[in-house]
Amino acid sequence: MATTTTTTAARARVDRLERIWEERPGLLGWLTTTDHKRIGILYLFTSLAFFGAGGVEALLIRTQLLGPDKTVLTPQQYDAVFTMHGVTMIFLFVIPISIGAFGNYLLPLQIGARDMAFPRLNALSFWMFAASGIFIYIGLAVGQAPSAGWFNYVPLASKTYSPNLGIDFYALGLIFNGISSTVASANFIVTIFKLRAPGMSLNRMPLFCYAFLAVSFALLFALPVLSVSLIFLELDRQLGFHFYDIAHGGDPLLWQHLFWIFGHPEVYIIILPAFGIATSIIPTFVRRRMVAFPLVALAELLVAFIGFGVWAHHMFATGLSTATTVYFAAASLVIVIPSGIQLFAWIMTIVTGTPEFKTPLLWIVGFIVFFIIGGLSGIMFAAIPFDQQLTDTYFVVAHFHFVIFGAAVFPILGGLHYWFPKVTGRMYHEGLGKVSFWLTFTGTMVTFFPMHILGLLGMPRRNYTYPRDMGWTGFNVLESIGSYVLAAGLVLIAVNLAMSLRRGAPAGNDPWKAPTLEWATSSPPPPYNFAVIPAVSSPYAMWDPEDREKDVRNLEAGVLVLEQGHETPTSTVVDAEWDEVVEMPSDSPWPISLALALSGMFAMLLLAHWVTAGVFLAFAALVLLAWHSKEPQEA
Amino acid sequence: MSAVTRSTEASGGAEIRGVERNRLSQPNGWWGIVLLIATEATLLLAIVGTYYYLRFQATQWPPRGIAAPSVALPLVMMGVLLLTSVPMQLAAVATRAGRVGPTRALIVLAMLVQAGYLAVQIILLRNDLLDFSPAATAYGSIYFTMIVAHHAHVAIGLLLDVGILIRLIGGLTDYRAVGVRAIALYWHFVNLMAIIVVLTQLSPSL
């Protein structure tokens with residue numbers, strides 16, 4: 001149970017909550033669920049499946065490059081594999097696991113809410129994400145995978161040079177995926193603004209939530225630009241429009257501008273949740289509050305904001321005017337300031353605390369090391385001549401793998417260990433956890449660090465092989481061996497967590513003595529999260545024992561229990577004053593139906609069956625009508 | 001907290017007025033539509049931005065052989081659409097007062113004008129298509145894409161009108177009252193975008 005119940009009155013209240021919030025059992029329950037925790041778990045396993053696929057693609061690339069002139073993959077297959085690797089890792093793994101899985105599961109718990117603001121919309125965003133991922137992979141399965149790289153430059157991606165359906169799978173799949181993420185980000189913002197437990201004013205909100213707030217706003221404004229660029233691309237490809245066609249007044253560089261106006265904020269969208277996870281794990285294991293809390297909160301928001309003004313540093317080699325490139329170089333350097341603030345805050349918190357290097361904190365230390373390396377090579381790219389020299393070489397590959405794998409995925413892996421006891425009720429094996437960390441850390445370093453050197457030696461990225469006499473063979477062998485070590489580390493994590501699921505020691509509510517509210521409730525949490533809406537007077541709510549005692553008294557007295565229905569309180573945006581009680585919708589068949597209707601529409605758009613696509617769209621509209629036929633208060 | 005108002009249960013004039021009076025901040029549904037508007041506005045502005053990007057790269061805009069757009073009718077139509085913000089806003093005000101009759105009537109009035117606007121625009125679009133093709137020049141591509149994108153937002157607004165009118169048959173609840181306010185906000189956004197899109201569309205002739 002959520003709270004240790006002492007009196008029969010309290011017991012009766014908890015029983016009533018159990019009945020009201022009871023979930024539908026079995027497969028049907030999972031298909032129709034609107035519980036943010038179940039949706040988070042669905043996101044987790046789906047994105048991990050895509051991580052597996054993206055990982056296999058990575059190993060194929062490294063095996064092809066193990067020696068010169070190898071023929072593991074044909075050049076065409078190699079193009080498809082590295083494109084799918086990038087698309088999978090960015091759109092189908094990192095974003096859905098960080099935002100969909102960690103955000104969904106933890107955010108309502110950290111702010112003391114009983115669900116997300118729009119639970120059915122939440123289910124819809126999961127089903128659309130899953131459908132869009134399957135959609136893109138169908139392309140690979142039928143031998144028509146996208147093969148123009150994850151940033152898909154025209155004219156290579158135009159109908160002339162990529163005549164098969166690969167690019168259409170990419171474009172339509174990512175529009176579909178983007179709708180899912182847009183819906184999710186709006187849901188997160190409203191949840192953070194409105195559903196914080198009364199008393200949790202903005203200055204008492206955990207830094208994890210600030211990171212997710214920043215990410216959500218970045219997604220909300222970045223994704224439409226990607227959608228526009230993809231719609232233009234499909235119009236060009238399918239209906240013969242000329243947005244990117246220089247011969248008829250279009251411009252291929254337009255694609256690059258639109259793509260990177262989305263693509264650079266995207267980089268921060270990928271890494272900000274990792275910052276949020278780091279700010280959750282560090283205080284727990286060093287037993288002190290974060291240094292410079294308000295500065296870190298502001299820095300998280302600033303990174304997302306400034307990220308919108310730097311896109312053309314991806315285009316220094318395209319012949320933009322000097323005035324333009326100099327502006328973007330300067331703007332890119334400015335990002336160092338909020339990033340540096342956070343970096344120093346993490347390091348100072350660890351140094352001035354009493355760190356206990358359990359597995360989750362080890363992953364965060366690894367993250368800090370890789371973020372420094374990737375950040376420093378990033379600053380180098382703000383120097384225009386340096387960028388022009390090294391663009392499209394392995395130096396770039398080294399840089400963004402340190403940032404995206406080292407800095408964004410390491411906290412995700414640390415978070416998997418940190419919150420494993422909360423989600424499963426059991427502890428993972430600490431010894432195996434440490435071994436898997438060191439294996440992965442070593443593997444990452446050995447795989448990606450030599451790429452800096454290869455880049456400086458001039459090895460171009462995206463080439464399916466290299467000649468014997470270039471002097472690149474040794475480093476490539478080293479990198480490939482590193483990638484196998486890295487993969488072994490990841491497999492060991494999976495083994496550890498899978499075994500601990502059955503054999504792990506019982507975790508209890510709060511095995512880490514952690515500061516945030518998810519640890520106030522049982523492990524795993526009940527469907528209603530908290531038997532009583534928690535009292536909050538600081539961002540480290542669990543370190544305020546008087547508040548937790550107040551919760552127990554409130555439950556006995558029936559205050560803030562909301563046991564009359566499927567309800568959660570809403571509060572004012574800044575001060576979190578108690579505002580009103582809202583009914584939350586319970587399970588619904590409509591989100592998954594709508595996702596299916598839209599899948600049908602995108603499939604028909606792919607095949608250029610416009611009328612059938614319209615029929616599916618009309619079906620989607622009917623589903624929406626059914627969705628609204630029952631309002632939450634009528635349930 | 002026995003004094004808590006379960007706002008979504010409010011139905012009928014007096015209860016809704018009470019909920020609206022007691023509410024300290026905007027409800028979830030209002031925030032939802034504001035964020036939808038933010039993301040849709042970004043989408044439309046990216047398309048408008050593309051129009052100017054392509055225009056500033058072109059030596060002649062519109063290209064040789066395509067007449068500059070005629071000004072009078074689109075401007076009049078834009079004015080007519082803008083006027084529909086008035087009944088939509090009045091409908092939102094009426095719901096806050098818990099008055100379902102005027103709410104329905106005002107939405108129907110606005111919807112008729114909006115539907116008429118869309119019908120005339122579709123005819124104008126057909127005429128444009130007879131004059132030049134989106135598949136011949138980048139000018140045609142962006143011209144038609146921008147206009148159709150805006151019309152799609154008008155069409156979605158009409159569907160929202162129909163949807164809320166169906167819900168209002170069963171009377172007014174606070175949930176539906178928030179819905180009417182959200183849809184009114186959406187129309188203000190569509191109308192604001194109409195100014196930007198139409199002026200951009202006509203800019204070669206202005």
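Throughout, read-outs are computed from the coordinates displayed, never taken from laboratory work. Keep in mind it's a predicted model, so treat the numbers as computed, not measured. Neighbour counts are summed over all protein chains in view; Cβ atoms, including those assigned to glycine, are modelled from backbone coordinates with ideal geometry.
Could you pull out every whole DSSP H run in chain B that spans at least 15 Å of Cα extent along its own axis and averages 0.0 or higher on the Kyte-Doolittle scale?
Membrane-span-like by this rule: B:28-57, B:72-83, B:85-96, B:100-131, B:138-168, B:174-202.
Working from Cα pairs under 8 Å separated by at least six residues, relative contact order for chain B is 39 percent. Label-to-label distance for A:Phe305 and B:Arg17 is 4.3 nm, based on points extended 7 Å past Cα in the beta-carbon direction. Computed over the alpha-carbon atoms, chain B gives an Rg to Rh ratio of 1.09, Rh here being the Kirkwood radius from the mean inverse distance.
Counting only alpha carbon atoms, the long axis of helix A:166-194 and the longest principal axis of chain A meet at about 30°. Output the 0 to 90 degree angle, nearest 10, between the alpha-carbon long axis of helix A:610-627 and the longest principal axis computed from the alpha carbons of chain A. Helix A:610-627 and the main axis of chain A meet at about 10 degrees. Shielding value for A:185-191 is 4, the average number of Cβ atoms from other chains within 10 Å of each residue's Cβ. Look at the stretch A:626-634: the mean tally of other chain Cβ atoms within 10 Å of its residues' Cβ atoms is 4.
Among A:542-550, A:53-61, B:91-99, what's the highest-first ranking by average C-beta atoms within 10 angstrom per residue?
Packing proxy ranking, top to bottom: B:91-99, A:53-61, A:542-550.
Site pair B:Ala105 and A:Leu239 shows an inter-label distance of 4.2 nm when each label is modelled 7 Å from Cα along Cα→Cβ.
Report the calculated FRET efficiency for A:Leu457 and A:Ala488 (r = Cβ-Cβ distance, R0 = 35 Å), to the nearest 0.05. The computed FRET efficiency comes out at 0.80.
What FRET efficiency comes out for the pair A:Leu617/B:Ser203, r = Cβ-Cβ distance, R0 = 41 Å, nearest 0.05?
Numbers: r = 32 Å, r/R0 = 0.78.
Here the calculated transfer efficiency is 0.80.
Exposure proxy shown here: for A:Val228, A:Val552, the number of other Cβ atoms within 10 Å sets the order, fewest to most, as A:Val552, A:Val228.
Percent of C-alpha pairs per 5 Å bin in segment A:41-175, short distances first: 2, 10, 18, 19, 16, 13, 9, 6, 4, 2, 1, 0.
Net length available on complete extension from A:Thr8 to A:Arg553 is 194.9 nm, with 0.36 nm assigned per residue and the Cα-Cα distance removed. Available extension along the chain between B:Leu45 and B:Ala97 is 15.2 nm, counting 0.36 nm per residue and deducting the alpha carbon span. Around the amide H of A:Val582, modelled in the peptide plane, lie the amide H atoms of A:Thr568, A:Thr570, all under 5 Å away and 5 or more residues distant in sequence or on another chain. Computing FRET efficiency as 1/(1 + (r/R0)^6) for B:Leu24 and A:Asp469, where r is the C-beta to C-beta distance and R0 is 60 Å, gives about 0.20. Amide H to amide H, with H built 1.01 Å from N, A:Arg426 comes under 5 Å of A:Ala507, counting only residues 5 or more places away or on other chains.
Kirkwood Rh and Cα-based Rg: tell me the resulting Rg over Rh for chain A, rounded to two decimals.
Numbers: Rg = 24.6 Å, Rh = 25.5 Å.
Radius of gyration relative to Kirkwood radius: 0.97.
In this simple spin-label model, placing a label point 7 Å from the Cα along the Cα-to-Cβ direction at both B:Val162 and A:Gln389 gives a separation of 6.3 nm. Please report how far the C-alpha centroid of segment B:102-156 lies from that of segment A:590-635, rounded to the nearest whole angstrom. Cα centres, segment B:102-156 to segment A:590-635: 23 Å.
Shielding of A:569-582 by partners, i.e. mean partner chain Cβ atoms within 10 Å per residue?
Numbers: counts 2, 7, 2, 4, 4, 1, 2, 1, 2, 4, 9, 13, 7, 8.
Taking the mean over all residues of the peptide, I get 5.
Angle between the Cα long axis of helix A:252-286 and the longest principal axis of chain A, 0 to 90 degrees, nearest 10? Result, in degrees: 40.
Using 0.36 nm per residue of separation minus the Cα-Cα distance, give me the extension gain between A:Thr322 and A:Ile379 in nm, one decimal. Before the final figure, lay out each step's value.
Numbers: separation 57, 0.36 × 57 = 20.52 nm, distance 1.87 nm.
That pair, A:Thr322 and A:Ile379, stretches by 18.6 nm at full extension.
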